[in-house]
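**Student:** This structure is in C-alpha cells; I'll ask about it shortly.
The values are calculated or read from the model by the stated rules, or taken from the named source; none is laboratory data. Worth saying up front: this structure is predicted, and the values here are computed from it rather than measured. Note that each Cβ is placed from the backbone with ideal geometry, even for glycine, and that neighbours are counted across all protein chains shown.
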Amino acid sequence: MTSAGSSRRKVISFVVAVALAIGLIVGLRLLTSTSDETAAEPTKCAGDSVQLRVAASPEKAGLLQQLAADYSGRTVAGRCVDVLVQAKSSGAAMQALAQGWNEAVDGPRPDVWTPAASGWVTLLRQRLIKADRSGVVTDAKPESIVTAPLVIAMPRPMAEALGWPDKPLGWRDLVALAGDPAGWAKYGHPEWGAFRLGKTNPNLSTSGLNATIGAYFAATGTSSDLTENVLNQPDVQAFVRGVEQSIVHYGDTTLTFLSNLQRADDRGAALSYISAVAVEENSLVAYNQGNPTGNPATRGQHGKPKVPLAAIYPSDGTLVSDHPFTVLAWADDTRKQVAADFLAYLRGADQQKRFANEGFRSFDGKADGEVNRDNGVLPDVRLNALTPPAPPVLDKLLTSWGQLRKQANVLLVVDVSGSMSSDVPGTGKTRLDLAKQAAINSLSQFADTDKVGLWMFSTRLDGEKDYLQLVPTGPMSTNREQLRGRLEGLVPTSGTGLYDTALAAHEYLKANLDPKAINAVVVLTDGKNEDSNGIVLDDLLGRLRTEGGNDAVRLFTIAYGGDADLSVLRRIAEATDAAAYDSSKPDTIDQVFTAVISNF
C-alpha cells in the first residue's frame, strides 16, 4: 500500500488502531440494534443513598439492567444502594475511558466497566501508558461475570452438509469451501451458490477481532505463541486473504448480520444471505430463540427462525470472551464495597441461571439453561481455546489484516437540500458543514485500491434528475483529492429527491459492479422525500430488494438531524440487507459516518 492507502484500516499501534477506530462510534445508534444509550433510571433509594454506575457491553446490558433493578434497594456499608446500568460498546467505552470520560458526550461516568472481553481492559491500560496517564484502572485482574466462546454460526442445513455436529470443522474447511469455484455445489447444493461469510471489523468488534485472530492461528497451525515473523509468510497471508474474500461486508456489530438474516428467514430466503457469521455463542442462542438483539425485554416478540443456526466451534482454535467486571480506580471506597457485593450477586447461582437462559456460559465456563443442542450449540464440546497474542503481535496482525481485507467499491450520496443550511446549535456550523467534514474525514479510511465515487442530490439538479454525479467511482489513488475538493464545494439548494436518487445510485453501482469487492451505496439525508413526481416508496423497495450474492449492492443510510425519516430510511437499507444509522444529533455525524464506512 502507499502511504495514503495504508491509512485505511492501517493499525499504527496496538492501542491506537483499536481505540481510535472504536472511539469514533461514540454517539452512534444503529437502528437495527440495541443502541449505546443511557436507559431510563428508576431508583429505589432516597436520602443518603449510593448510586453505582455500570457501563456494560450491549449484548448483556439488557439482562444486567434487569438484575441491577432486582439488586437495587439493598443496604451495603450502611447505605441504600441503586445500581444503574448503561449500555456502551466495549470499544467506545474504552476510548471514552482513555480520554477521561466526557459526560457531555459519553453519558454519566461509570464506577464499573464490563466489556465483552478482557482484551479491551488490556488495550485501555496500554493506551493510558502511552498517554502517560493513570488513575483509571488498576493492575488487578478483573473477575469474570459470564463467558462465551466465539463460534461460526451457520444455517443448520449448511452446517449439516459439512458434517455438523459429528465432524470437527474449522477455518481451514471454510477457506477451502470459499476458494472452490463450485461453491456449495461441491456438497450437492448448487442452489446455495458461493460461500459467503459475515464478519465484523476487527478494529471495532470483539467477535471480529477474535475471528481474525482465529484465522491467523489457523493459518499458522498453532494454538499459542503466535509470532510477528510468521504473519508475513506467503502461505499465512494467502490463507487469511481467502477468508476475507468470502466476506459479504464488514461492520461494527454482528447484529446487522443477524437482523438481516432474520428478515431473510421471514421471507424464506435464509440460505441466500450469508453462509456463516462469526458471533459469540450467546448471540447464536438468542437468534435461534427469535431474538437477535439478545435483550430479554424483546424476547418472545418474534417467532423462532424457520432455518435455525448451528454453532461450529473452530477445531483449529477459538477465543473465549470472559466479560470482566472492572472496578475503575476513581470509585470511592463505598462504591468499591458496593461493586464487590454486586459482583458476588451476579456470580450467585440464581443470577448465573438467568444468564444461562440468555445463552451465556457461567463465569467458570459451565454450560446450562438455553446453552443446549436444541438451540444449535454443543454444550459439551471440547474447545480448542487460543491464547491471545501479545500486544506487538496483535499490532502486526491487525496491520496485516488491513492489507489483506476485501476491497471496497462505494458510492457516497450526500443530501444538499435547503434544510442542510440549518445551523447546528453550539457548533457555529451548518448541517452541511458538519456532513462535508465528516465525509472528508472518512476518506482516510479507504485504501488507494478501493474505488469511491460521489453524488449530491436535492431536486432537479440535472434537468429532471434529482441527483448529480460529481466524481465517478474509481480508485482512490486517483480520486482522493478530487473527492475532497468536490465535498468542500457542496452548497445547499432546494428540496429532497430521496427515492429517485436512492434507486438511481443503486442501479449505477450495479452497472459498475466489482465482483471482487464490497459494493455499497451510502446515502446521507436530513429530510423526507419531497419529489411527488418520482417513484413511490413501495416501488422503490421492490426494485432495491436483493437476495444476496456477490452481485449484491447494499444501500446504507444515515438519518441526519431530527427531521430525517428514520423508519423509511431503515426500510430502504433493509431492502438491500444493509443497515440504517441514526445521527439525529448532527454534531455526532463525524463518528456516525466513520462507523458506516467500517462496513467496507
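Conditions tested, residue by residue: (1) among the hydrophobic types (A, V, I, L, M, F, W, C); (2) part of a loop (DSSP other than H, G, I, E, B); (3) on the phi > 0 side of the Ramachandran plot.
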{"residue": "Gln262", "(1), (2), (3)": "no, no, no"}
{"residue": "Leu284", "(1), (2), (3)": "yes, no, no"}
{"residue": "Phe325", "(1), (2), (3)": "yes, no, no"}
{"residue": "Ala331", "(1), (2), (3)": "yes, yes, no"}
{"residue": "Lys336", "(1), (2), (3)": "no, no, no"}
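**Student:** Restricting the first residue to segment 398-413 and requiring it to be on the phi < 0 side of the Ramachandran plot, which pairs with a second residue that is basic (Lys, Arg) and in a strand (DSSP E or B) meet a Cβ separation below 6 Å and a spacing of at least six or different chains?
**Tutor:** Close Cβ pairs satisfying both conditions: Asn409/Lys451.
**Student:** Another question about this same structure. Among the residues of segment 190-199, are any closer than 22 Å to Gly359 by Cα, surrounded by 22 or more Cβ atoms within 10 Å (Cβ to Cβ) and touching a strand residue (DSSP E or B) at 6+ places or on another chain (Cβ under 7 Å)? So that I can check it myself, show each step before the final result.
**Tutor:** So in segment 190-199, the residues closer than 22 Å to Gly359 by Cα come out as 198-199.
Add one more test, that the residue is surrounded by 22 or more Cβ atoms within 10 Å (Cβ to Cβ), and what stays is 198-199.
With touching a strand residue (DSSP E or B) at 6+ places or on another chain (Cβ under 7 Å) added as a condition, the list becomes 198-199.
Among the residues of segment 190-199, at least one is closer than 22 Å to Gly359 by Cα, surrounded by 22 or more Cβ atoms within 10 Å (Cβ to Cβ) and touching a strand residue (DSSP E or B) at 6+ places or on another chain (Cβ under 7 Å), which makes the answer yes.
**Student:** Counting only residues that are basic (Lys, Arg) and more than 28 Å from the chain's Cα centre (by Cα), which one in segment 453-492 is farthest from Asn409 (Cα to Cα)? It would help to see each step written out before you state the result.
**Tutor:** So in segment 453-492, the residues basic (Lys, Arg) come out as 460, 465, 480, 484, 486.
Applying the additional criterion that residues be more than 28 Å from the chain's Cα centre (by Cα) yields 460, 465, 486.
Working: Arg460: 27, Lys465: 23, Arg486: 19 Å.
So the residue we want is Arg460.
Every residue, every condition in (1) part of a helix (DSSP H, G or I); (2) in contact with a Lys or Arg (Cβ under 8 Å, 6 or more places away or on another chain), yes or no:
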residue: Val393; (1), (2): yes, no
residue: Leu397; (1), (2): yes, no
residue: Asn409; (1), (2): no, yes
residue: Leu412; (1), (2): no, no
residue: Ser419; (1), (2): yes, yes
residue: Ala438; (1), (2): yes, no
residue: Thr449; (1), (2): no, no
residue: Phe457; (1), (2): no, no
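**Student:** Sticking with this one: Pairs under 6 Å by beta carbon, first residue outside the structural domain of Asp577 (by TED's automatic domain parsing) in segment 264-275, partner surrounded by fewer than 21 Cβ atoms within 10 Å (Cβ to Cβ) and of a type in the set (Val, Ile, Thr), six or more apart or different chains?
**Tutor:** Between residues of segment 264-275 that are outside the structural domain of Asp577 (by TED's automatic domain parsing) and residues that are surrounded by fewer than 21 Cβ atoms within 10 Å (Cβ to Cβ) and of a type in the set (Val, Ile, Thr), the close pairs are Asp265/Val307; Ala270/Val307.
**Student:** Can you confirm whether segment 435-445 contains a residue that is in contact (Cβ under 8 Å) with a residue 40 or more places away in the chain, crowded, with 24+ Cβ neighbours inside 10 Å and not small (Gly, Ala, Ser)?
**Tutor:** No, segment 435-445 has no match at all.
**Student:** Do the conditions hold for Ala104, that is, is it in the same structural domain as Leu204 (by TED's automatic domain parsing) and crowded, with 22+ Cβ neighbours inside 10 Å?
**Tutor:** On the way: in the same structural domain as Leu204 (by TED's automatic domain parsing): yes; crowded, with 22+ Cβ neighbours inside 10 Å: no.
No, not satisfied.
**Student:** For segment 425-447, which positions are more than 28 Å from the chain's Cα centre (by Cα) and of a type outside the set (D, E, K, R)? Let's see the steps before the verdict.
**Tutor:** As a first pass, look at segment 425-447 and keep what is more than 28 Å from the chain's Cα centre (by Cα): 425-430.
Pro425, Gly426, Thr427, Gly428, Thr430 - these are the residues of segment 425-447 that are more than 28 Å from the chain's Cα centre (by Cα) and of a type outside the set (D, E, K, R).
**Student:** Would you check if Ala517 is farther than 21 Å from Leu255 by Cβ and either touching a residue at least 60 places away in the same chain (Cβ under 8 Å) or buried (at least 20 other Cβ atoms within 10 Å of the Cβ) (or both)? Lay out the reasoning, then the answer.
**Tutor:** Working: farther than 21 Å from Leu255 by Cβ: yes; either touching a residue at least 60 places away in the same chain (Cβ under 8 Å) or buried (at least 20 other Cβ atoms within 10 Å of the Cβ) (or both): yes.
It is true that Ala517 is farther than 21 Å from Leu255 by Cβ and either touching a residue at least 60 places away in the same chain (Cβ under 8 Å) or buried (at least 20 other Cβ atoms within 10 Å of the Cβ) (or both).
**Student:** Against the definition (under 21 Å from Ser598 (Cα atoms) and buried (at least 20 other Cβ atoms within 10 Å of the Cβ)), how does Met456 come out, yes or no?
**Tutor:** No.
**Student:** Separate question: Does Leu124 satisfy the criteria of being assigned to a helix (DSSP H, G or I) and in the same structural domain as Val285 (by TED's automatic domain parsing)?
**Tutor:** Working: assigned to a helix (DSSP H, G or I): yes; in the same structural domain as Val285 (by TED's automatic domain parsing): yes.
Against the criterion (assigned to a helix (DSSP H, G or I) and in the same structural domain as Val285 (by TED's automatic domain parsing)), Leu124 qualifies.
**Student:** Right, here's the next one. Pairs, please: C-beta under 6 Å, at least 6 apart or cross-chain, first residue of a type in the set (D, E, K, R) and in segment 206-233, second in a helix (DSSP H, G or I) and surrounded by fewer than 24 Cβ atoms within 10 Å (Cβ to Cβ)?
**Tutor:** Listed pairs, sorted by first residue: Glu228/Val393; Glu228/Lys396.
**Student:** I need the full set of residues from segment 112-135 which are at pLDDT below 85 and touching a Ser or Thr at 6+ places or on another chain (Cβ under 6 Å), in order please.
**Tutor:** Residue satisfying the conditions is Trp120 alone.
**Student:** Enumerate the pairs (first residue in segment 166-192 and within 28 Å of Asn384 (Cα to Cα) and hydrophobic (A, V, I, L, M, F, W, C); second residue anywhere and in a loop (DSSP other than H, G, I, E, B) and modelled with pLDDT of 95 or more) with beta-carbon separation below 6 Å, excluding pairs fewer than 6 apart on the same chain, so at least 6 apart or on different chains.
**Tutor:** Leu169/Leu162; Trp171/Pro314
**Student:** For Glu370, only one of the following conditions fails: (1) in contact with a Gly (Cβ under 6 Å, 6 or more places away or on another chain); (2) outside any loop (DSSP other than H, G, I, E, B). What is its number?
**Tutor:** (2)
**Student:** Let me ask another. Take segment 402-423 and flag every residue that is within 30 Å of Pro515 (Cα to Cα) and either at pLDDT below 90 or among the charged types (D, E, K, R) (or both).
**Tutor:** Taking segment 402-423 and keeping what is within 30 Å of Pro515 (Cα to Cα), we get 402-415.
Across segment 402-423, the qualifying residues are Gly402, Gln403, Arg405, Lys406, Asp415.
**Student:** So, one more: Here are some conditions: (1) more than 30 Å from Ala573 (Cα to Cα); (2) surrounded by 20 or more Cβ atoms within 10 Å (Cβ to Cβ); (3) not basic (Lys, Arg). Asp225 meets all but one. Which one does it not meet?
**Tutor:** (2)
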